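> There's a structure below that I have some questions on.
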Amino acid sequence: MIYLDYNATTPLRTEVLEAMLPYFQMHFGNPSSVHWAGRQAKHGVEEARERIAEFLHCRPAEVLFTSGGTESNNLALTGVHNAIRSKGSHIITTAIEHSSILEPLEALATEGASVTILPVTGDGRVRAEDLVAALRPETVLVSISPANHEIGTIQPIAALSRIARERGICFHIDAVQATGKMPLDVTSLGVDLLSLSAHKISGPKGVGALYVRRGTALTPLLRGGPQEREKRAGTENVAAIVGFGVAATLAAQELEATAAHCCQLTQQLCEGIVQRVPGAFLNSPTHQRLPNTLNVGFSDATGEGLMMGLDLAGIAVSTGSACAAGSLEPSHVLLALGRNAEEAKSALRFSVGRETTTQEIDRVLEVLPQVVERVRRAARKNEE
Ligand SMILES: Cc1ncc(COP(=O)(O)O)c(C=O)c1O
């Protein structure tokens, strides 16, 4: 079995599992309890907060634990909007964001917010001049992902955030796909809010964090308790938070080695596909791209058919983001690049990780040309 869908999720690391295990039984306390059992659990949560703070180069008090990237994005957008709507309610984002950004913004728009969606270039880059042109006196928030989940395009976040923050506008980044693949330093990125998710960095599912710069106004989404500095009520998922902290420390220690490993594998894959599969075209940019992500279209074939053909051979890839899996709609990210619906529907996303090997890529390059040919033949037969 070959797994090339690391952008959907990653395998849990043994070190992470081992760090989590005591918190299921031995250290079972509720971190809000003041007695010994509570203190043990609280210690685990606070140590993890310190690890995340070290990972982002921020203060531990600026890290809020959440149930994952989706909640962090919802909390950042809705929380800032609700806290400062009296100052203005114009929010700017881009056409290639994850659905956990676009859908909360659609909901805010129905409640009176005004939302501008910036276009991107053919390789998925946001232009600074488009951001400048979209700014209004009532703009209160800008949200742009530093690295796209489908094609891997990296944005010039420091330059974009400067434009917003010079005007006192909050800047949020959805760093879920960037985590562990590029350095994340909140000061050099110049951001006020940043979303993370543990399961993209070999941590457990259902836990994430939101960095909130000190002094940033944020209204909670979940109410009913004083946890997370009254910004996120509910008993903490202690074991998962502990695992997240360890996963972040390991990701930071191995960042360069993992990036170099992944870069070599995606290069091998890209060159092999271009050589062996006629009619293949690249949707990912050739530079300033996540080292582990490669999105390729295959003319006269459907990504869905190719994905299923590869699955039959034990190879897991995806047609786009995991949340859109099973959808027959073309990817909004690829449409925003200027691809037509047919081109967008022919795409496969390959995403590799620290456990992927050169031999696995060799195997994929052996199987893929046959699968593409089979899917194309079936499509021609259907047309006859
Ligand atoms: C860019 C991006 N943002 C947010 C999310 C959602 O994260 P989670 O699965 O932790 O809710 C994902 C997950 O695929 C993602 O790729």
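The values are calculated or read from the model by the stated rules, or taken from the named source; none is laboratory data. Note that this is a predicted model, so its numbers are computed, not measured. Heads up, the Cβs are rebuilt from the backbone with ideal geometry, glycines too, and the neighbour counts pull from every protein chain shown. Note: accessible area is taken over every heavy atom of the protein model, side chains too, but ligands, DNA and RNA are not part of it. Shrake-Rupley method; radii C 1.70, N 1.55, O 1.52, S 1.80 Å.
> Being under 20 Å from residue 216 (Cβ atoms), in contact (Cβ under 8 Å) with a residue 12 or more places away in the chain, small (Gly, Ala, Ser) and within 16 Å of the ligand (Cβ to nearest atom): is that true of residue 72 here?
When the stated conditions are applied, residue 72 passes them.
> Only helices (runs of 4 or more DSSP H) wholly contained in segment 1-93 count here; list those with 3 or more residues that are open to solvent by less than 30 Å² (accessible area, probe 1.4 Å) and touching a strand residue (DSSP E or B) at 6+ places or on another chain (Cβ under 6 Å).
Those helices (runs of 4 or more DSSP H) span 36-56, 69-84.
> For residue 262, which of the numbered conditions (1) over 19 Å from residue 8 (Cβ atoms); (2) open to solvent by less than 10 Å² (accessible area, probe 1.4 Å) fails to hold?
So residue 262 meets the others, but not (1).
> Note down all Cβ pairs under 6 Å where the first residue falls in segment 364-382 and is under 22 Å from residue 266 (Cβ atoms) and touching a residue at least 24 places away in the same chain (Cβ under 8 Å), the second is buried (at least 16 other Cβ atoms within 10 Å of the Cβ) and of a type in the set (Val, Ile, Thr), and they're at least six residues apart or on different chains.
From residues that are under 22 Å from residue 266 (Cβ atoms) and touching a residue at least 24 places away in the same chain (Cβ under 8 Å), the pairs are 364/315; 369/277; 372/277.
> Now for a different question. Mind checking which residues of segment 118-141 are within 16 Å of the ligand (Cβ to nearest atom) and closer than 19 Å to residue 163 by Cα?
Hits for segment 118-141 are 120, 126.
> To continue, here is another question. Tally time: how many residues in segment 197-212 are among the small types (Gly, Ala, Ser), near the ligand (Cβ under 8 Å from one of its atoms) and within 13 Å of the chain's Cα centre (by Cα)?
3
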